[in-house]
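Participant: The structure is given below, and queries will be raised subsequently.
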Amino acid sequence: MTDLKEPFDETAKAFYYNLFKNWGLEVETERQVFSRARSIDLVVSLNEINREKLQNTVFSHFKLLNSLELKGLNDPLTLAEHNRIIMRAWALSANDDKKSTISPHQMTVTIVCVTRPDKILTQMKKELKFRRVEAGIYHCKEVLEKWIICPSELALIPKNYPLLPLARGKRLERFISLCVREEMNDYLRLILDVGLSTDPEVIWRKILEMKQMKPVIHEETWPIIDQFFQEMPEAIGKLPTFQQALDASLKQGMQQGMQQGIQQGIQQGMQQGMQQGMQQGVQHIVLRQLQRKFNQVPNNLVQKIKANSDLEQLDNLLDQIIVAKDLSDIDWDFKNGA
């Protein structure tokens with residue numbers, strides 16, 4: 001099974017590295033503080049003048065030296081990892097060659113969590129002393145200031161845009177719509193690049209929906225969306241809805257096959273049920289994507305799909321639907337499977 005942790009880490013780190021660089025700030029990735037410890041994702045160094053550049057951003061709390069850690073969907077923030085992050089930050093303060101006079105009072109630790117760390121923010125609220133300062137942002141004001149940011153809880157306002165690509169659910173849906181409408185292509189590209197590590201189901205559904213709203217999509221945005229559809233077929237099998245539909249249809253088919261198997265033989269019934277379940281599951285996916293992409297689908301095409309039991313043909317049809325701009329772009333000249 002592919003480890004989704006690394007693509008998220010590397011893609012997101014590269015994006016935020018370039019973001020801070022474009023703001024004219026000093027930033028480095030993978031900063032080593034202990035020879036045998038994992039490095040800090042990003043370290044951002046500021047002075048009093050360029051701190052003003054962050055005043056209207058989600059990073060306005062940054063001080064002179066800042067440790068930024070990114071925790072993905074498959075790399076949640078645990079108590080043990082929280083303690084390791086704080087340990088590395090203390091070491092950064094003590095061993096920063098460029099700013100040897102930095103004290104813990106002049107630095108911050110910020111942990112951005114795709115998955116909300118409920119144990120740390122709720123169950124251990126008294127011990128760890130994090131308090132909510134605004135939606136999605138939690139602060140612990142100790143000698144070494146600590147911040148936890150949950151993108152899925154952030155308000156949909158300009159200062160939070162840099163972290164909203166890491167949101168999930170409804171907040172991510174709304175931000176995708178905003179990115180497409182306002183031509184915020186850098187953020188949209190990040191959303192699609194880290195999609196399998198945040199909320200693939202939402203991204204897949206929302207991009208399909210937005211693709212039908214052609215008047216609101218700018219010319220420069222189309223290549224990003226088209227690239228997404230070229231790459232996404234390889235990952236569609238990992239989407240929860242696909243698996244749920246397939247599992248449900250497979251279960252139903254197996255039940256039907258088992259009933260027939262009582263009369264015709266248990267083994268034959270199970271094989272038939274599994275085959276029927278797989279066929280029905282793929283047919284369901286093909287029809288759903290077809291109806292989402294093209295509002296009006298002729299009944300004869302619907303029946304043609306329902307009558308087809310060839311999994312290879314159905315899979316090929318799904319690939320065509322994903323990239324087609326019109327029903328006429330799809331090759332409907334196939335023989336229904338037996």
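The values are calculated or read from the model by the stated rules, or taken from the named source; none is laboratory data. As the structure is a computational prediction, the values presented were derived from the model and not from experiment. Using ideal geometry, Cβ is built from the backbone for each residue, glycine included, and neighbour counts are taken over all protein chains shown.
Participant: Could you figure out which of (1) in contact (Cβ under 8 Å) with a residue 40 or more places away in the chain; (2) touching a Leu at 6+ places or on another chain (Cβ under 8 Å) isn't true of Gly136?
Facilitator: (1)
Participant: Take the residues of region 4-34 that are under 22 Å from His82 (Cβ atoms), in a loop (DSSP other than H, G, I, E, B) and out of contact with any Leu (no Cβ under 9 Å at 6 or more places or on another chain): which is modelled with the highest pLDDT?
Facilitator: Gln32
Here's the yes/no breakdown for (1) surrounded by 15 or more Cβ atoms within 10 Å (Cβ to Cβ); (2) among the charged types (D, E, K, R); (3) more than 23 Å from Ser197 (Cα to Cα); (4) within 26 Å of the chain's Cα centre (by Cα):
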| position | (1), (2), (3), (4) |
| --- | --- |
| Phe62 | yes, no, yes, yes |
| Thr78 | no, no, no, yes |
| Thr115 | yes, no, no, yes |
| Ile120 | yes, no, no, yes |
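Participant: Please give the number of the condition Glu69 fails out of (1) farther than 22 Å from Leu121 by Cβ; (2) outside any loop (DSSP other than H, G, I, E, B).
Facilitator: Failing condition for Glu69: (1).
Participant: Quick one: what pairs do we get from region 141-157, first residue not assigned by TED's automatic domain parsing to the domain that holds Val112, second of a type in the set (Asp, Glu) and in a loop (DSSP other than H, G, I, E, B), C-beta under 7 Å, 6+ apart or different chains?
Facilitator: Pairs that qualify, where the first residue is not assigned by TED's automatic domain parsing to the domain that holds Val112 and the partner is of a type in the set (Asp, Glu) and in a loop (DSSP other than H, G, I, E, B): there are none.
Participant: While we're here: Of the residues Asn74, Asn83, which single one is surrounded by fewer than 19 Cβ atoms within 10 Å (Cβ to Cβ), outside any strand (DSSP E or B) and in contact (Cβ under 8 Å) with a residue 12 or more places away in the chain?
Facilitator: Asn74
Participant: For Val58, all conditions in the list (1) free of Cβ contacts under 8 Å to residues at least 40 places away in the same chain; (2) assigned to a loop (DSSP other than H, G, I, E, B) hold save one; what is the number of the exception?
Facilitator: Result: Val58 passes all but (1).
Participant: Any residue at all in region 102-117 that is among the charged types (D, E, K, R) and at pLDDT 85 or above?
Facilitator: First, pick out the residues of region 102-117 that are among the charged types (D, E, K, R): 116.
After this cut, where a residue has to be at pLDDT 85 or above as well, the list is 116.
The answer is yes, given that some residue of region 102-117 is among the charged types (D, E, K, R) and at pLDDT 85 or above.
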